[in-house]
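Please read the structure below before turning to the comments.
The values are calculated or read from the model by the stated rules, or taken from the named source; none is laboratory data. None of the values given here were measured: they were computed from a predicted structure. Methodologically, a virtual Cβ is constructed for each residue, glycine included, from the backbone with ideal geometry; neighbour enumeration extends over all protein chains shown.
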Amino acid sequence: MATILSITNGVLGLKVTTLGATIMDLTVKDKNGVERDVVLGYDTTEEYIEKDGYLGALIGRFANRISTSSFTLNGVEYVLSQNDGPNCLHGGKGGFSTREFGFQQDEYKLSFVYESKDGEEGFPGNMTIRSEYILQGNSLIIRYSATTDKDTVVNLTNHSYFNLSGAPCYIGDHVLTMKADKYACINNVGVPTGEFRDVTGTPFDFRAGKRIGDTLETAKNEDGSFVDEQLQLGHGIDHPYVFSAEKDQVSLYCEETGIEMVISSDLPGTQIYSGNFLTERDGKRGSHMVPRDAVCIETQYLPDGIHLEEEPMCILRAGETYHSETSYTFNIK
Ligand code: GAL
């Protein structure tokens with residue numbers, strides 16, 4: 001049975017279910033002092049089980065896609081749970097978003113732990129995953145750690161669907177600013193091809209800050225498909241970006257509420273996903289969602305890095321500890 005936990009520090013409020021250590025609500029006051037819940041979600045844990053999309057969940061063992069649902073490490077081939085065409089997506093069918101986490105509640109901090117068994121979803125090694133969700137001033141800080149008893153791979157992220165207006169609605173009017181000179185091209189099943197493209201002169205350039213809609217509303221063919229081949233392959237933005245700065249890499253701003261969120265991460269990049277497959281459904285407090293009603297900013301290692309990188313960053317050796325930290329800071333403008 002899942003437990004729902006809530007903490008507040010007077011500036012931010014956080015509600016999490018122990019199922020998938022999933023963020024259900026994240027509240028902040030807007031420019032008029034009205035409390036806004038800036039993530040999409042549901043009222044009950046059951047709905048997170050029934051409906052797809054990974055709303056708010058902690059994603060592991062491997063965020064994003066591993067092509068062919070298999071990889072070889074130390075000469076051994078591991079066959080993974082296949083749940084996205086030929087790929088293993090977000091840890092497979094029984095990824096962390098479906099698992100019950102142990103928890104501890106402190107005044108301003110929620111701590112979670114999950115023991116993932118050797119061979120779970122095909123991944124090698126008994127792995128202990130810990131995460132901490134900390135409210136500090138106007139920031140939510142998420143820390144992850146993982147250890148294993150066998151060499152393995154790991155890629156952890158949070159899959160919140162942000163909408164800083166406080167309810168699901170077209171995300172195109174939010175302004176996204178990103179310190180990222182390059183993005184990874186994807187193939188027709190959403191996996192990076194290995195080509196990293198300079199964003200200059202492409203719809204993927206958010207360095208100077210622009211409406212997400214400026215990209216989503218770019219030229220379309222007569223049949224409604226995007227003229228830009230990469231946008232068409234992702235059905236919108238659904239691409240890995242490589243950060244070109246060490247901190248404060250992403251900011252998202254909603255003029256209507258004056259809420260700005262700044263994301264700072266020690267990870268090398270992020271998936272930006274414009275909610276293209278968020279099929280129509282009901283959400284919390286009578287809300288209703290349709291595609292493109294939010295944006296996910298999923299800080300992570302390179303998807304499929306185990307096949308693409310010469311020295312994959314995602315390899316975690318037995319006895320070593322994986323650490324990462326991503327913070328979400330809310331300002332009013
Ligand atoms: C994203 C992924 C999308 C889609 C979504 C879940 O992280 O990039 O392609 O699978 O999760 O619906």
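Looking at region 119-129, is at least one residue free of Cβ contacts under 8 Å to residues at least 24 places away in the same chain and farther than 13 Å from Y78 by Cβ?
First pass over region 119-129, keeping only residues free of Cβ contacts under 8 Å to residues at least 24 places away in the same chain: 119, 128.
Adding the requirement that they be farther than 13 Å from Y78 by Cβ leaves 128.
Checking region 119-129: at least one residue is free of Cβ contacts under 8 Å to residues at least 24 places away in the same chain and farther than 13 Å from Y78 by Cβ.
Mind checking which residues of region 100-119 are outside any strand (DSSP E or B) and surrounded by fewer than 21 Cβ atoms within 10 Å (Cβ to Cβ)?
Of region 100-119, the ones outside any strand (DSSP E or B) are 101, 106-108, 117-119.
Those that are outside any strand (DSSP E or B) and surrounded by fewer than 21 Cβ atoms within 10 Å (Cβ to Cβ): D106, E107, Y108, K117, D118, G119.
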Open item on the list: So for region 218-237 (the condition being surrounded by 15 or more Cβ atoms within 10 Å (Cβ to Cβ), within 13 Å of the chain's Cα centre (by Cα) and touching a residue at least 24 places away in the same chain (Cβ under 8 Å)), does at least one residue qualify?
Closed with: no
- [ ] Sort out which residues of region 299-333 are among the charged types (D, E, K, R) and crowded, with 24+ Cβ neighbours inside 10 Å, and write them in order of number.
- [x] D304
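Among the listed residues G172, G201, identify the single one that is free of Cβ contacts under 8 Å to residues at least 24 places away in the same chain and either away from the ligand (no atom under 16 Å from the Cβ) or part of a strand (DSSP E or B) (or both).
On the way: G172 fails: free of Cβ contacts under 8 Å to residues at least 24 places away in the same chain.
One residue alone meets the criteria, G201.
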TODO: For R65, state whether it is touching a Cys at 6+ places or on another chain (Cβ under 9 Å) and among the basic types (K, R).
DONE: yes
Open item on the list: For region 1-79, give me every one of the strands (runs of 3 or more DSSP E) that falls completely inside it and has 1 or more residues that are buried (at least 23 other Cβ atoms within 10 Å of the Cβ).
Closed with: 12-17, 22-29, 70-73
Open item on the list: Can you pull out every residue in region 212-236 that is within 15 Å of the ligand (Cβ to nearest atom), out of contact with any Gly (no Cβ under 9 Å at 6 or more places or on another chain) and of a type in the set (A, V, I, L, M, F, W, C)?
Closed with: L231
Open item on the list: Of the conditions (1) touching a His at 6+ places or on another chain (Cβ under 9 Å); (2) under 30 Å from D248 (Cβ atoms); (3) within 16 Å of the ligand (Cβ to nearest atom), N155 satisfies every one except a single condition; which number is it?
Closed with: (1)
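Does Q271 satisfy being of a type outside the set (F, W, Y) and either farther than 29 Å from M313 by Cα or in contact with a Ser or Thr (Cβ under 7 Å, 6 or more places away or on another chain) (or both)? Can you show your working first?
On the way: of a type outside the set (F, W, Y): yes; either farther than 29 Å from M313 by Cα or in contact with a Ser or Thr (Cβ under 7 Å, 6 or more places away or on another chain) (or both): no.
It is false that Q271 is of a type outside the set (F, W, Y) and either farther than 29 Å from M313 by Cα or in contact with a Ser or Thr (Cβ under 7 Å, 6 or more places away or on another chain) (or both).
Hey, can you tell me all the residues within region 91-114 that are closer than 13 Å to R61 by Cβ and out of contact with any strand residue (DSSP E or B) (no Cβ under 7 Å at 6 or more places or on another chain)? Break it down stepwise before answering.
Residues of region 91-114 closer than 13 Å to R61 by Cβ: 91-99, 114.
Selection gives G92, K93, G94, T98.
Only one residue in L73, L80 is of a type in the set (A, V, I, L, M, F, W, C), modelled with pLDDT of 95 or more, touching a Cys at 6+ places or on another chain (Cβ under 7 Å) and more than 28 Å from I171 (Cα to Cα). Which one? Explain how you work it out, then say what you get.
On the way: L73 fails: touching a Cys at 6+ places or on another chain (Cβ under 7 Å).
Among L73, L80, only L80 is of a type in the set (A, V, I, L, M, F, W, C), modelled with pLDDT of 95 or more, touching a Cys at 6+ places or on another chain (Cβ under 7 Å) and more than 28 Å from I171 (Cα to Cα).
Test A294 against the criterion of being touching a residue at least 60 places away in the same chain (Cβ under 8 Å) and surrounded by fewer than 16 Cβ atoms within 10 Å (Cβ to Cβ), and give yes or no. Quick ask: steps written out before the conclusion?
Values: touching a residue at least 60 places away in the same chain (Cβ under 8 Å): yes; surrounded by fewer than 16 Cβ atoms within 10 Å (Cβ to Cβ): no.
Against the criterion (touching a residue at least 60 places away in the same chain (Cβ under 8 Å) and surrounded by fewer than 16 Cβ atoms within 10 Å (Cβ to Cβ)), A294 does not qualify.
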Task: Residue pairs meeting the criteria (Cβ under 7 Å; at least 6 apart or on separate chains; first at positive phi, in region 42-59; second more than 9 Å from the ligand (Cβ to nearest atom)) - done: Y54/S97; G56/T22; G56/I23; G56/M24; G56/V39; G56/G41; G56/S160
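This table checks each residue for (1) of a type in the set (A, V, I, L, M); (2) within 24 Å of P240 (Cβ to Cβ); (3) within 16 Å of the ligand (Cβ to nearest atom).
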| residue | (1), (2), (3) |
| --- | --- |
| T17 | no, no, no |
| D37 | no, no, no |
| Y42 | no, no, yes |
| G53 | no, yes, yes |
| G60 | no, yes, yes |
| L80 | yes, yes, yes |
| L89 | yes, yes, yes |
| G92 | no, yes, yes |
